[in-house]
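Quick note: the coordinates plus some simple rules give every number you see, no bench work behind them. Being a predicted model, the structure only gives us computed values, none of them experimental. In this analysis, Cβ positions are derived from the backbone assuming ideal geometry, glycine residues included, and neighbour counts consider all displayed protein chains.
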Amino acid sequence: MTWKIEQIGKLPKLNNPVLIEGLPGIGNVGKVAVDFIIDELKAKKGFNFFSYTFPHSVFVNEKNLVELPSIAIYYKKFNNNKKRDLLFLAGDVQPIDEVSSYEFSDIILDICEKLKCKEIVTLGGIGLQTVPKKPKVYYTGNNKKIIKKYKSSHLSDNLYGVVGPIIGITGLLLGLASKRKIDAVALLAETFAHPMFLGIKGSKKILKILNHQFKLSLKFEKLEKEIKEMESEILKRTDELAKVSKSMKLGNKFVKDVNYIG
C-alpha cells in the first residue's frame, strides 16, 4: 500500500460536515489559514496519513528530536446542532508525484463519503512576480451551485486567464469530488511566488471569508502573534523540503525543483 491510514479513536457523529483543506503550497496561504483555525477551535485529530512517497527526510524539532513529515485530518464538533461541523486537512507536505496525488485525493474522498461530508473547500495561493499590497481572492468550483453559494463581494470568479492549472491536492479534490457528486470550491489568494515567502495578507483575507461563511468567531487579534510563532517553523521546513526535493528521484527522472501550487 502506498498510503497508511491511522484513525485516532472513535469519531463522534458529525453534523453535515464540511472539509477544509490547507496543505503547503505557494506562499503557504492555505496552510497558515487552516493551522490557525485548528488551533483557535481546538480541533481534534481524527486521522493520520503516512506514505513512502513523502520526501526522504525528517525534521528536528525544538526538543532536538526527529519527526517524520505528516498529514492529518482534524475535526471540530459544535454543540449547536444547527451549525455544520468541520473537518480540516492539514500537514507538512503534499504528495509530490501524480500517482500519489490521485491516490491520496481518492482516500480523502473515501473518508468524506464515510463521514457524510457533502462539501469541500480547498485553499491555495496564486503566485505573482511581485508582492501584492492588497491581494485579491479568487474562487472556482466544480459546479454552478457551489459557485452561487460562495458568491461574495470579497471574492472574484473571474479566474479564467488569471491562472493556469490548479496543481496538487487543492485542484484534484475539486475535480475528483465531482465524480462523487460532492460540491467543492477553491479559494485562491494572490501571493508572491517565492519559496521563502509567507503569504500572510492572503491568509488573512481567506480567514475572514471562512469566518463569515461558517460563523467561526475567530479572534483575529491573536493572529499576528500566532503567525510570528508559526512563521519561523513553516519557513524552516519549507526550505528544508525544497532542498530535499531537488535531489528526489521521481520515476526515472530527477526533479531539479518542486513547487507546490495550490
ask   = How big is the Rg/Rh ratio for region 77-145, C-alpha atoms only, Rh by Kirkwood, two decimals?
value = 1.03
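Using per-residue counts of other Cβ atoms within 10 Å, averaged over each peptide, order 130-139, 71-80, 164-173 from highest down.
Working: 130-139: 15.2, 71-80: 17.6, 164-173: 20.8.
Those peptides, ordered most packed to least, come out 164-173, 71-80, 130-139.
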request  = Report the relative contact order of region 135-217, percent, no decimals, based on alpha-carbon pairs under 8 angstrom and at least 6 residues apart.
outcome  = 38
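For region 1-113, what class follows from the C-alpha gyration tensor (a ≥ b ≥ c being the square roots of its eigenvalues): rounded when a/c is under 1.5, otherwise prolate if a/b is larger than b/c, else oblate? It would help to have the intermediate numbers written out before the result.
Working: a/c = 1.74, a/b = 1.41, b/c = 1.24.
Taking the square roots of the gyration eigenvalues as a ≥ b ≥ c, region 1-113 is prolate.
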query = Rg and Dmax of region 144-221 over Cα atoms: what are they, in angstrom?
reply = 14.0, 40
ask   = Taking R0 as 25 Å, what's the FRET efficiency between residue 78 and residue 194 from their Cβ-Cβ distance, rounded to 0.05?
value = 0.10
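Over 22 Å between C-alpha atoms is what I'm after, so list which of 77/116; 44/145; 13/82; 42/219 land there.
In this structure, 44/145 lie more than 22 Å apart at Cα.
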